[in-house]
Amino acid sequence: MDRLKGKVAIVTGSTSGIGVGIAKAFAAEGAKVVICGRRESKGQAVVDSIVAAGGEATYHFMDITKVESIDELLKDTAEKYGKIDILVNNAANVALKDGRVDELTLDMWDAIFQSDVRGTFYATRQVIPYMKENKGGSIINIGSMASCGGDLGSTAYACAKAGVDMLTKSTALQYGKAGIRCNCVRPGLIVTPENEAYVPQVLKDIFLNNIMVGRYGAPQDIANMCLYLASDESEYFTGQVVTVDGGLNAHVSTVGEFKKMATRTW
């Protein structure tokens, strides 16, 4: 239970969903975790849960769309703990309206890019000096399977997350010699306490018919991958975009229909 012992980790957007799972997994493995987001009461609840389980965590307000908020988060964390070893760029506003190309306004496009790629870029840029001083670190970007291929909607979101994929590779290339690794985790359909009631059953059925392991994903599935990327076990692993989706994107689009036919393969 000491895979991250002595390490200091910031997990943005960790007041709900996947971010909570990542934060709890890190704390359980010995990291000092900074929980951050805009909702203080929810953030403090996560901190209390971690502390009750024997871990160490603090809450810090952060708005991913405000550069001064990101600067304060990094500065205060470094002052409190003396270093920053791990940054998980999880915060993003997936609730913003999106749609087809001809439905999107420039304001809608800009709002999604500001939240989902601009904030990730700025947090990454600003944490690099801290990690250089620390002679290394791990940056983990949370992407999305939306960037794997075209879709009937969510155009701006998919494009923003595709930008995160390439930001990951560029960061890994440019700062590897400084001991800074950067990887991206693209979740599949992750069912969380916050979104379960809002995901239509018909959508769940479509996904489940194409997920090879026969179940939806959970925050812990993403946390497990992030835990590996944050630890020294992944010292030789950088610049990678890893899709954690139960095999959803590992096959051609016809597989789901063949499964329904109950052929000899299935």
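Annotation: peptides 233-241, 83-91, ranked by per-residue average of other Cβ atoms within 10 Å with the highest first, follow the order 83-91, 233-241.
Of all lysines in the structure, those lying under 29 Å Cα to Cα from LYS132, and not within fewer than 8 positions of it along the same chain, are LYS5, LYS7, LYS24, LYS32, LYS66, LYS75, LYS80, LYS83, LYS161, LYS169, LYS177.
Normalised by the number of residues in region 94-204, the average gap of Cα pairs under 8 Å and 6 or more apart makes the relative contact order 32 percent. With the convex hull drawn around the C-alpha atoms of the chain, the volume per residue stands at 138 Å³. Structure remark: mean-square fluctuation, Gaussian network model of the chain, C-alpha springs under 10 Å; the largest value among ASP245, ASP116, ASP102 belongs to ASP102. A cut-off of 5 Å between modelled amide H atoms, ignoring neighbours fewer than 5 places along the same chain, links LEU189 with GLY217. Close amide-amide hydrogen proximity is noted between VAL242 and CYS184, VAL185, ARG186, each under 5 Å apart and 5 or more residues distant or on a separate chain (H modeled in the peptide plane; Pro and chain starts excluded). Taking the helices alone, the chain has a mean residue ellipticity at 222 nm of -13000 deg cm²/dmol, built from -39,500 (n - 2.57) per DSSP H run of at least 4 residues and averaged over all its residues.
No value in this document is a laboratory result; all are computed from the given coordinates. Treat the numbers as computed from the prediction; the structure is a model and nothing was measured. Positions of Cβ are generated from backbone atoms using ideal geometry, with glycine treated the same way; all protein chains shown enter the neighbour counts.
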